[in-house]
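Asker: Structure provided below as structure tokens; questions to follow.
The numbers here are math on the coordinates, done by the rules we state, and not lab data. Everything quoted here is computed from the prediction, not taken from an experiment. Every residue, glycine as well, gets a Cβ built from its backbone with ideal geometry; the counts of neighbours run over all protein chains shown.
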Amino acid sequence: MGVILFELALTFYFTATIVSIIELFKGSRITSKIILSSAGIGFAIHTACIIYRYVTAGHIPITNAHEATSFFSWCVVLIFFILQFRYRIILLSSFIMPIVFILMLSSSMLPREIKPLSPVLQSYWLGIHTVLAFLGNAAFAMAFGIGLMYLVQEHYVKSKHLGGLFERLPSLQTLDEINYRLITIGFPLLTLAIITGVLWAESAWGSYWNWDPREVWSLITWFIYAIVLHARLIAGWRGKKAALLSIIGFLTILIAFFGIKLLQKGLHVFL
Amino acid sequence: MKVFVAGLNHKTADVDTREKFTFNGPRLEEGLIRFKELPDVQEAVILSTCNRVELYANVRDTAKASESIRTFLSQFHNINRGSLDNALYIYDDINAVRHIFRVASSLDSMVVGEPQILGQLKDAFELALRKKTTGILLNRLMKKAISVAKRVRTETRIAENAVSISFAAVELARKIFTDLPKKVSMLLGAGEMAELAARHLIGSGVKEIIIANRTYDRGCELAKEFNGKPVKFDEFIHELVRTDIVICSTGASNYVLMKSQMQKAMKERKQKPVFIIDISVPRNIDPEINDLDNVYLYNIDDLQGVVDANMFERQKEAEKAEKIIEEEIETFLKWQLSLDSVPTIIALREKAEEIKKQEIDRLLNKIPEIGEKEKKAIEYMAAAIINKLIHPPTVALKEDSEDKDTIIATIRRLYGIDGEKNENK
């Protein structure tokens with residue numbers, strides 16, 4: 001049952017991804033309807049899938065790489081729909097749905113069986129820490145997509161060739177504002193995630209900070225976004241620079257997540 | 001019954017000639033009524049704009065109508081026939097329908113895709129409706145022309161891109177800023193083009209305008225007109241800190257704004273984006289300013305480039321529009337053909353026969369035990385009833401009368417023949 005739900009959600013995200021790429025080249029009312037409805041159905045099924053797993057496992061299903069990637073994609077889609085509701089930028093799907101699909105695809109290839117929880121994870125911190133971390137990272141993922149859109153639009157305006165997506169992309173100001181907003185949402189979430197992680201580490205391993213690779217990368221990410229916010233407020237690093245930084249920031253997150261997973265070292269091995 | 005067009009436009013007549021043929025205000029009503037009263041004209045609409053004067057009619061005979069319309073025009077406007085004949089184009093039937101559809105969809109306009117023409121056509125039609133100069137054919141045609149124009153507008157991107165320099169500037173401003181009403185703009189110098197661009201900006205919501213002109217008095221005059229704030233020319237640099245859009249056209253022969261000055265201003269305004277439009281020739285703003293982050297500098301050639309690209313885009317869209325129009329001409333002509341009396345008589349009979357057959361079948365199904373003889377009698381009676389019922393309309397259709405078009409249309413409507421419903425949605 002869980003498998004069926006997951007594969008169904010994956011299929012709907014796949015449809016949304018394909019159509020969102022078509023949307024890049026030839027957008028119409030029909031393509032946007034297909035994107036929104038298939039992403040919407042996919043999201044509903046995905047939600048059911050996560051709830052189902054929660055019920056079967058008896059704990060928050062963010063305890064291995066498969067679950068984590070899946071939950072992360074879920075957060076990204078959630079934020080996508082919130083932005084869609086607020087700003088109605090259908091083109092955002094072309095920049096975000098492929099990421100969602102790739103994440104879900106890699107999640108589908110990771111081992112899925114539900115194992116008994118290791119004693120370290122049997123803590124109320126599990127839910128708080130992971131949900132905060134993934135929501136924060138999802139906001140950064142979205143800032144990455146918006147940052148890409150900004151760079152594309154800024155390129156059109158700066159180079160004075162107003163072809164391609166110029167018509168359909170929102171204004172630079174709108175993109176910059178969304179980018180800023182996402183980071184101001186993501187940053188406190190990441191901060192709280194790190195704080196809860198530190199507290200949890202203390203209760204589980206007896207020390208607050210262990211220089212585990214994931215801890216180090218989280219800290220690096222935290223600094224990058226702290227710089228993004230600081231530079232914006234103090235030095236006026238907005239627009240292109242902010243867009244570039246939010247792209248770099250998200251790439252760092254991806255390295256942190258998948259790189260460490262591949263190395264399989266450190267205390268965070270379960271994820 | 002034929003659709004007929006006689007007209008002149010910006011391609012066939014210069015503005016002098018067009019002015020002479022314009023139907024203005026009360027003259028339009030008068031002209032329309034007299035046009036309708038011409039012996040060969042059964043229905044009439046006059047479209048008169050600054051770029052075209054067109055007379056649409058329902059006529060029986062193109063040659064006769066064309067002659068009497070020429071006479072009417074030259075008499076009404078008091079112009080000799082020679083200059084009229086040079087400028088006038090005449091279309092009938094399919095070509096006339098095509099022409100009207102193209103005019104409505106703005107394919108025949110001086111600036112292809114400009115939106116005003118549809119409104120002007122609607123006004124012309126409304127006046128004709130008020131004055132009761134139209135009937136079945138032109139009513140249908142005008143409504144169709146309006147719906148075709150709407151279809152072209154929604155299905156192609158013909159009216160989407162700005163095709164004038166000042167509109168292109170506003171379009172760009174909209175892609176840099178979201179909330180134009182909250183942005184501050186500055187007029188640097190007061191050339192005619194700059195004024196026009198400023199007007200368009202105000203039209204799209206910009207409220208605050210700073211005006212810096214070499215002659216301060218002229219600046220104050222403009223400020224009054226735009227409800228803006230005049231500043232001394234030398235002080236414009238200080239105002240850059242709070243200005244988001246700069247429109248520059250001074251008569252200076254060198255740069256009035258250098259990169260280093262702009263850099264400083266950007267720092268002070270914390271890198272908030274600035275859109276600078278330099279329409280002066282020679283240029284007044286150091287082109288290298290465009291290399292600064294968050295500064296977007298467009299000169300007159302850049303804007304012209306945008307306009308040209310948009311024009312090209314419109315041409316491509318116009319081809320799509322022509323295809324839509326050909327489709328719509330076909331449905332219109334099909335409808336018009338059905339207005340002939342012979343197909344109407346046939347359709348009426350078919351309809352009656354169909355009803356007869358259905359009812360007899362139903363009856364026979366209900367009382368299957370009925371005998372052959374009775375069946376014959378029932379069929380005979382049904383045939384007699386429908387024949388008697390459709391006899392008078394058939395006779396009316398065969399008669400040759402003045403208001404035959406109306407009779408045909410009425411009969412089709414009353415008897416529910418043809419797909420009127422789909423067409424009138």
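Asker: Specify the angular offset, from 0 to 90 degrees and rounded to the nearest 10, of the alpha carbon long axis of helix A:92-109 from the longest principal axis of the alpha carbons in chain A.
Answerer: The two axes meet at around 30 degrees.
Asker: For the range A:52-91, just run the numbers: alpha carbon Rg, then divide by 2.2 N^0.38 Å, N being how many residues it has.
Answerer: Compactness ratio reported: 1.51.
Asker: If you don't mind, another one. With θ set to phi - 60° and the Karplus curve 6.51 cos²θ - 1.76 cosθ + 1.60, what are the ³J(HN,Hα) couplings of the range B:244-254 in order, to the nearest whole Hz, using x for Gly and Pro?
Answerer: Here the 3J(HN,Hα) series is 9, 10, 10, 10, 10, 7, 9, x, 5, 9, 10 Hz.
Asker: Could you tell me which helices of chain B pass both thresholds, a Cα extent of 27 Å or more along their own axis and a mean Kyte-Doolittle hydropathy of at least 0.0, with helices taken as whole DSSP H runs? Each step should come with its number before you reach the end.
Answerer: Numbers: long enough: B:136-155 (28 Å, 0.03); B:300-338 (55 Å, -0.63); B:341-366 (38 Å, -0.58); B:372-398 (37 Å, -0.04).
Both cut-offs are met by B:136-155.
Asker: Where nothing but the Cβ of Lys and Arg (+1) and of Asp and Glu (-1) is charged, how large is the charge dipole of the protein assembly as shown around its Cα centre, in debye to the nearest 20?
Answerer: Dipole size: approximately 1260 debye.
Asker: Kindly provide the Kirkwood hydrodynamic radius of the range A:135-271 in Å, to one decimal, from all pairs of distinct alpha carbon atoms.
Answerer: Hydrodynamic radius (Kirkwood, Cα pairs) of the range A:135-271 is 16.1 Å.
Asker: A further question follows. Rank by packing, highest mean first: peptides A:51-57, A:156-162, with packing defined as the count of other Cβ atoms within 10 Å averaged across residues.
Answerer: A:156-162, A:51-57
Asker: Given the convex hull of the Cα atoms of the range A:1-117, what is a quarter of its surface area in nm²?
Answerer: The number I arrive at for the range A:1-117 is 6.7 nm².
Asker: Give me a single rounded figure for A:155-163: the average over its residues of other chain Cβ atoms within 10 Å of their Cβ.
Answerer: That average works out to 5.
Asker: For a quick check, take a GNM of chain B with Cα springs below 10 Å and name the residue from B:VAL231, B:VAL45, B:VAL307 with the largest mean-square fluctuation.
Answerer: Taking springs between Cα atoms under 10 Å, the residue moving most is B:VAL231.
Asker: Starting from the alpha-carbon convex hull of the protein assembly as shown, give the projected area averaged over all orientations, in nm².
Answerer: Projected area, direction-averaged: 45.7 nm².
Asker: Run the dipole for chain A about the Cα centre, Lys and Arg Cβ at +1, Asp and Glu Cβ at -1, nothing else charged, and hand back the magnitude in debye, nearest 20.
Answerer: 660
Asker: How would chain B be classified by its alpha-carbon gyration tensor: rounded, prolate or oblate, with rounded meaning a/c under 1.5 and the a/b versus b/c comparison settling the rest?
Answerer: prolate
Asker: Quick one: compute the contact order of chain A, relative version, from alpha carbon pairs under 8 angstrom and 6+ residues apart, as a percent.
Answerer: Normalised by residue count, the contact order of chain A is 19 percent.
Asker: As an exercise, take the mean of 1/r over every pair of distinct alpha carbons in chain A, invert it, and state the Kirkwood radius in angstroms.
Answerer: Computed over Cα pairs of chain A, the Kirkwood hydrodynamic radius comes out at 19.3 Å.
Asker: When the Kirkwood hydrodynamic radius is evaluated over all pairs of different C-alpha atoms of the range B:289-425, what value in angstrom, to one decimal, is obtained?
Answerer: Its Kirkwood hydrodynamic radius stands at 20.7 Å.
Asker: Any idea what the relative contact order of the range A:125-251 is, in percent, if you count C-alpha pairs under 8 Å spaced at least 6 apart?
Answerer: That works out to 40 percent.
Asker: How would the range B:1-145 be classified by its alpha-carbon gyration tensor: rounded, prolate or oblate, with rounded meaning a/c under 1.5 and the a/b versus b/c comparison settling the rest?
Answerer: rounded
Asker: Per residue, what volume in Å³ does the Cα convex hull of the range B:97-179 take up?
Answerer: For the range B:97-179, the hull spanned by Cα atoms encloses 111 Å³ per residue.
Asker: Continuing with this model, one more query. Only Lys, Arg, Asp and Glu count, each charged at its Cβ (+1, +1, -1, -1), so figure out the dipole size of the range B:339-423 about its Cα centre, rounded to 20 debye.
Answerer: 420
Asker: Using only DSSP helix segments of four residues or longer, with each worth -39500 (n - 2.57), what per-residue ellipticity at 222 nm results for chain A after dividing by its residue count and rounding to 500?
Answerer: -26500 deg cm²/dmol
Asker: Let me ask something else. Averaged over peptide A:167-179, how many Cβ atoms belonging to another chain are found within 10 Å of each residue's Cβ?
Answerer: The shielding value for this peptide is 4.
Asker: May I pose another question? Residues with amide H under 5 Å of B:ILE158's amide H, sequence separation 5 or more or different chain, H placed in the peptide plane at 1.01 Å from N; which?
Answerer: Those qualifying (amide H under 5 Å, at least 5 residues apart or on another chain) number zero.
Asker: Follow-up question, since we're still on this one. So how tilted is helix A:213-235 from the main axis of chain A? Cα-based, degrees 0 to 90, rounded to 10.
Answerer: Roughly 40 degrees between the two axes.
Asker: Once a ≥ b ≥ c are taken as the square roots of the eigenvalues of the Cα gyration tensor of the range B:165-307, is the result rounded (a/c under 1.5), prolate (a/b larger than b/c) or oblate (a/b not larger than b/c)?
Answerer: Rounded.
Asker: Quick check on chain B: helices-only [θ] at 222 nm, where DSSP H runs of length 4 and up contribute -39,500 (n - 2.57) each and the sum goes over total residues. Nearest 500, please.
Answerer: On the way: 17 runs with 246 residues, N = 425.
Rounded to the nearest 500, it is -19000 deg cm²/dmol.
Asker: May I ask you to evaluate 6.51 cos²θ - 1.76 cosθ + 1.60, the Karplus curve with θ = phi - 60°, for each residue of the range B:270-285 and list the ³J(HN,Hα) values in order in whole Hz, giving x for glycine and proline?
Answerer: With the stated coefficients, the range B:270-285 comes to 6, 6, 5, x, 10, 10, 10, 10, 10, 9, 7, 10, x, 4, 10, 10 Hz.
Asker: For the range B:285-343, report the % of Cα-Cα distances exceeding 12 Å.
Answerer: 77
Asker: Is there a pair in B:LYS182/B:LYS224; B:LYS20/B:LYS144; B:LYS144/B:LYS323; A:LYS240/B:LYS183; A:LYS33/A:LYS241; B:LYS144/B:LYS398 whose C-alpha atoms are over 22 Å apart, and which pairs would that be? All intermediate terms of the calculation are to be shown ahead of the outcome.
Answerer: Working: B:LYS182/B:LYS224 20 Å; B:LYS20/B:LYS144 30 Å; B:LYS144/B:LYS323 16 Å; A:LYS240/B:LYS183 20 Å; A:LYS33/A:LYS241 33 Å; B:LYS144/B:LYS398 28 Å.
Checking Cα-Cα distances, B:LYS20/B:LYS144; A:LYS33/A:LYS241; B:LYS144/B:LYS398 exceed 22 Å.
Asker: For the Cα atoms of chain A, what angle does the longest principal axis make with the long axis of helix A:29-57, in degrees from 0 to 90, nearest 10?
Answerer: 10
Asker: If you don't mind, there's one more thing I want to ask. Below 8 Å, C-alpha to C-alpha, sequence gap of six or more: please give me the relative contact order for chain B in percent.
Answerer: For chain B, the relative contact order is 12 percent.
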